[in-house]
Amino acid sequence: MKRITTILKYLFFFALGVFFAWLSIKDINKERWEHIKDSLAQAKQWLFAPVLILMLISHYSRTLRWKILMEPLGYKPSTFNTFAAVMIGYLVNMGVPRLGEVMKCTILARYEKIRADKLVGTIVLERTFDLVCLIVVFIFSFILQRDVILEYIQTQVIVLFKDNTGHLSIKKLLITAGIFIVFILLVYIMLKRFGHIDAVGKIKNVLRNIWHGLSSIRFIKHKGAFIFHTILIWSLYLASTTLGLYALKETSHLGIGAGLTTLSVGSIGMIFTPGGIGAYPLLVSELMGLYGLDIDTIGTALGWLLWSAQTAITVVVGIICFALLSAFNKNRI
């Protein structure tokens, strides 16, 4: 029964990705398809190489950061095996969500004589700091692009709190605030009094793991190097995304601020479906609408372009690492 449930869960997320992919292209007619093709044909193709290189360096930096997390456990795996584990993990995650994390630990357990269960804590710590970094990216996105974001909030969100005369409704604001406060109280009560229920227990475990991950940094031997690689990874994500904007003529003027917002919404898309399929291009295309660009043409072209670049580097490098893994370890002394 548990296996069937797991399979159905994976099929659901894959189907969700396909659904989002369909949403992103369903309204594109023949004329718009031609516009998309023209936009991609006129793209600065020479920028694709540095984009791929930056992403590859970010994966290598993530490899070194993971090695730093393993040092307190007494493990010093080879850089190649660790890099291969990271890339194969990404590759597997594209098909089966979260299985990639298990595969990463399994590969190192096999080739480096490391207990896989002891690596779980390092994965939790990695994900915790990535979550913190994503929140920071969102904050900087709001600071640098507040005019665009506030305009969207004003036109799409605040309108929900206006009355029939077009003025802000105090009554609607108070009701919304009341609902929010009641929701927070209910969550607190559930976590406090109903922890024995499986669903509530899982939520508590997630929150506990996040806190444990943040507090575990005190055990890291090379804290400076860990923080350096964390900042470097996300800086490279930002740089590659911004270069992707420069690749298209229609988005080349948007700059690093738009790169931040694109990285923000794109990261949500990568979390939402396996490998970001469907969700990433859809969210990026919708974001471009905030900058006055056509969602169905320029937005779609940019979304699929950025997603394809990330997917290509994961698939190609992941397969190469998988092919070389056995040979590399066979020749080790």
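The values are calculated or read from the model by the stated rules, or taken from the named source; none is laboratory data. Computed from a prediction, not measured in an experiment: that's the story for all the values here. Backbone-built Cβ (ideal geometry, glycine too); neighbour counts: all protein chains shown.
Suppose the filter is at pLDDT 85 or above and surrounded by fewer than 21 Cβ atoms within 10 Å (Cβ to Cβ); does Ile217 pass it? Give the steps one after another, and end with the answer.
Details: at pLDDT 85 or above: no; surrounded by fewer than 21 Cβ atoms within 10 Å (Cβ to Cβ): yes.
The answer is no for Ile217.
Conditions (1) assigned to a helix (DSSP H, G or I); (2) under 30 Å from Thr82 (Cβ atoms), marked per residue:
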site: Tyr246; (1), (2): yes, no
site: Gly259; (1), (2): yes, yes
site: Leu293; (1), (2): no, no
site: Gly299; (1), (2): yes, no
site: Thr311; (1), (2): yes, yes
site: Leu325; (1), (2): yes, yes
site: Asn329; (1), (2): yes, yes
- Task: Collect the residues in region 305-317 that are among the hydrophobic types (A, V, I, L, M, F, W, C), more than 15 Å from Glu250 (Cα to Cα) and in contact with a helix residue (DSSP H, G or I) (Cβ under 8 Å, 6 or more places away or on another chain), keeping them in residue-number order.
- Result: Trp307, Ala309, Ala312, Ile313, Val315, Val317
- Could you please find all residues in region 104-125 being of a type outside the set (Val, Ile, Thr), in a helix (DSSP H, G or I) and surrounded by fewer than 19 Cβ atoms within 10 Å (Cβ to Cβ)? Ala109, Arg110, Ala116, Asp117, Lys118, Gly121
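Every residue, every condition in (1) in contact with a helix residue (DSSP H, G or I) (Cβ under 7 Å, 6 or more places away or on another chain); (2) farther than 13 Å from Val148 by Cβ; (3) modelled with pLDDT of 85 or more; (4) surrounded by fewer than 23 Cβ atoms within 10 Å (Cβ to Cβ), yes or no:
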{"site": "Thr241", "(1), (2), (3), (4)": "yes, yes, yes, no"}
{"site": "Tyr246", "(1), (2), (3), (4)": "yes, yes, yes, yes"}
{"site": "Thr251", "(1), (2), (3), (4)": "yes, yes, yes, no"}
{"site": "Gly257", "(1), (2), (3), (4)": "yes, no, yes, yes"}
{"site": "Ser267", "(1), (2), (3), (4)": "yes, yes, yes, yes"}
{"site": "Ile271", "(1), (2), (3), (4)": "no, yes, no, yes"}
{"site": "Pro274", "(1), (2), (3), (4)": "yes, yes, no, yes"}
{"site": "Asp296", "(1), (2), (3), (4)": "yes, yes, no, yes"}
{"site": "Thr300", "(1), (2), (3), (4)": "yes, yes, no, no"}
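The rows are residues; the columns are (1) farther than 22 Å from Leu263 by Cα; (2) at pLDDT below 90; (3) of a type outside the set (S, T, N, Q).
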residue: Ala21; (1), (2), (3): no, yes, yes
residue: Ser24; (1), (2), (3): no, yes, no
residue: Asp27; (1), (2), (3): yes, yes, yes
residue: Trp46; (1), (2), (3): no, yes, yes
residue: Met55; (1), (2), (3): no, no, yes
residue: Ser58; (1), (2), (3): no, no, no
residue: Arg62; (1), (2), (3): no, no, yes
residue: Leu69; (1), (2), (3): yes, yes, yes
residue: Asn93; (1), (2), (3): no, yes, no
- Only one of Tyr75, Tyr90 is of a type in the set (Ser, Thr, Tyr), part of a loop (DSSP other than H, G, I, E, B) and surrounded by 17 or more Cβ atoms within 10 Å (Cβ to Cβ); which? Tyr75
